[in-house]
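What follows is a set of notes on a single structure, which appears directly below.
Every number in this text was worked out from the coordinates using simple rules, so none of it is lab data. It should be emphasised that the depicted structure is a prediction, and the values quoted were computed from it without experimental measurement. Positions of Cβ are generated from backbone atoms using ideal geometry, with glycine treated the same way; all protein chains shown enter the neighbour counts.
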Amino acid sequence: MVAYRQDRINNAICYFAAEHRRRAQKPAYQTYIYKYLALFDFRILQETGRPALDIGYDAYEKGPVPRHLYDTRATHRNRCYKLVPEGENSIIIEPSKRPNLEFFSAYEIEVMNELLERFAHPWITTDDLIEATHDITAWKRAWTSRGDRDKVPMSYEDNFEGLAKKTQENLSPAEESFIVHKSLKELSA
């Protein structure tokens, strides 16, 4: 859908990892990065109607997790960052090069920096980010309707209240933009 989509995802991960390490003075474990990505993606979605990265997420008890990144973490390779195993269950995301922010608008960079200003501190834990992602409407809807499953796919559409029932006149600009985005995505599939 968006040209350079994978470059945007990789550079967002690289930027969050580099800035988290610099500002918080501690490694950027995968959980931090997963939560930064979800907070970024869903905030941009809520404000503009278009997800910043358009990543597929699954709802877990500890919040949204980018499906493809999680499923390929053992074999994932790219030029922007590397995944460094630490211990039995931990992975640190380390930038391999300087992130290229030319893939992002000034507004998107501002949102990324606002998230880092809020969460990239030595005293902030993954639990703090997990709690923040529990405020994402799409996560709440997916998680409460999961039944007995450990994870369930999330839908960007679920971030908008009653979208399917609204008339054109009652749509917010962000909702209208999302409907166009969704339609174009379906046409290109």
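Are there any chymotrypsin sites (Phe, Trp or Tyr not before Pro) in the range 80-170 that are in a DSSP loop and have at most 15 other Cβ atoms within 10 Å? List them by number. Don't skip to the end; give the middle numbers.
Working: sites: Y81, F103, F104, Y107, F119, W123, W139, W143, Y156, F160; in loops: F104, W123, F160.
Passing sites in the range 80-170 are W123.
Give me the net charge of Y60's neighbourhood, meaning all other residues with Cβ under 12 Å from the Cβ of Y60; Lys, Arg count +1, Asp, Glu -1.
Numbers: positive: K35, K62, R67, R146, R149, K151; negative: D58, E61, D150.
The answer is +3.
Which pairs in the list K26/K151; K35/K165; K62/K151; K35/K151 are over 19 Å apart, alpha-carbon to alpha-carbon? Working shown, then result.
On the way: K26/K151 29 Å; K35/K165 30 Å; K62/K151 10 Å; K35/K151 16 Å.
Check vs 19 Å cut-off fails for K26/K151; K35/K165.
Rounded to the nearest Hz, the phi-derived 3J(HN,Hα) couplings of the range 124-133 under the Karplus curve 6.51 cos²θ - 1.76 cosθ + 1.60 (θ = phi - 60°) are 7, 10, 4, 4, 5, 5, 4, 4, 5, 6, where x marks glycine and proline. Computed log10 I(q)/I(0) for the range 60-111 at 0.16, 0.25 Å⁻¹: -0.68, -1.09, from the Debye equation with unit scatterers placed on every C-alpha and solvent omitted.
For the range 1-103, take every pair of Cα atoms, bin their distances at 5 Å starting from 0, and report each bin as a whole percent. Spelled out bin by bin, the range 1-103 gives 2, 13, 23, 27, 21, 10, 3, 1 percent. For K166, a cut-off of 22 angstrom between C-alpha atoms picks up these lysines, skipping any fewer than 8 places away in its own chain: K140, K182, K185.
Here the Gaussian network model covers the chain, with springs between Cα atoms less than 10 Å apart; of E102, E157, E131, E102 fluctuates the most.
Sequence-ordered 3J(HN,Hα) estimates for the range 90-100 from the Karplus curve with 6.51, -1.76 and 1.60 and θ = phi - 60° stand at 10, 10, 9, 9, 10, x, 9, 8, 6, x, 9 Hz, glycine and proline given as x. Normalised by the number of residues in the chain, the average gap of Cα pairs under 8 Å and 6 or more apart makes the relative contact order 31 percent. Summing Lys and Arg as +1 and Asp and Glu as -1 over all other residues whose Cβ lies under 14 Å from the Cβ of A132 gives a net charge of -2.
The stretch between S188 and R23 holds 55.4 nm of extra length on full extension. This uses 0.36 nm per residue minus the Cα-Cα distance.
Across the alpha-carbon set of the range 5-188, the Rg to Rh ratio works out to 0.97, Rh being the Kirkwood radius.
Give me the net charge of N10's neighbourhood, meaning all other residues with Cβ under 11 Å from the Cβ of N10; Lys, Arg count +1, Asp, Glu -1. Spelling it out: positives minus negatives among the neighbours equals +4.
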